[in-house]
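What follows draws every value from the coordinates through simple rules; no lab data is involved. Everything numeric here is computed off the predicted structure, so don't read it as measured data. Every residue, glycine as well, gets a Cβ built from its backbone with ideal geometry; the counts of neighbours run over all protein chains shown.
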Amino acid sequence: MKSIMIIYWSGTGNTQKMAVAVAEGAKIDDTEVKILTVDAAAQENVLKADGIALGCPAMGSEVLEESEMEPFVASLAGAKLAGKPLALFGSYDWGDGQWMRDWQECMETAGAKMVADGLIFHNTPDETGLAGCRELGKKLVAMVL
Ligand SMILES: Cc1cc2nc3c(=O)[nH]c(=O)nc-3n(C[C@H](O)[C@H](O)[C@H](O)COP(=O)(O)O)c2cc1C
């Protein structure tokens with residue numbers, strides 16, 4: 001059985017809604033899907049999974065959330081991500097998605113196999129946004145199988 005691990009940080013619930021929809025999309029026969037907030041996640045969860053999705057909104061000034069998500073992501077750099085199918089997603093408000101472009105570049109440098117460009121959604125995802133998240137989950141599984 002293939003395993004998908006979804007790890008996210010969300011302050012006001014928008015990225016959490018995206019994470020749940022990514023999980024829905026990834027729930028295809030014979031796939032185990034786990035979803036964790038980053039404070040409950042360990043590197044081991046990532047190393048063991050066949051495919052990973054990471055979610056975080058734009059915070060600070062176009063950066064990842066700095067107390068939990070940024071250190072976790074930094075700890076994954078290097079060989080730990082080499083060749084791993086990876087999906088990134090997150091909500092934003094007033095910016096233009098720079099945090100996601102920077103995050104994706106960092107993960108690509110770390111060797112991750114991006115499933116698609118990082119998926120961003122303005123504020124609370126509507127049904128179209130959630131459908132996009134489900135599609136991302138499906139693409140992640142397709143890259144793993
Ligand atoms: C402290 C703080 C910093 C933020 N910085 C940015 C930013 O740099 N760019 C942006 O587009 N949105 C920024 N936002 C808006 C959030 O990304 C947006 O509200 C998002 O929907 C929050 O997602 P969440 O509900 O998953 O926490 C910021 C919000 C907060 C509270």
Point to revise | Relative contact order of the stretch 2-144, defined on C-alpha pairs under 8 angstrom at six or more residues apart (%) | key: 32 percent
Review point. Rounded to whole Å and sorted largest first, what semi-axes of the equivalent ellipsoid does the C-alpha gyration tensor of the stretch 61-110 yield via the square root of 5 times each eigenvalue?
Key: 20, 13, 8
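Where Rh is the Kirkwood radius over the Cα pairs of the chain, the temperature 10 °C and the viscosity 1.306 mPa s, what D in µm²/s does Stokes-Einstein return?
Answer, rounded: 109 µm²/s.
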Practice item. Run through all the Cα pairs of the stretch 86-135 and give the fraction in each 10 Å bin from 0, expressed as whole percent. Key: 26, 50, 23, 1
Practice item. Find, among the chymotrypsin sites (Phe, Trp or Tyr not before Pro) in the stretch 58-123, those assigned to loop by DSSP (not H, G, I, E, B) with at most 11 other beta-carbon atoms within 10 angstrom. Key: Trp94
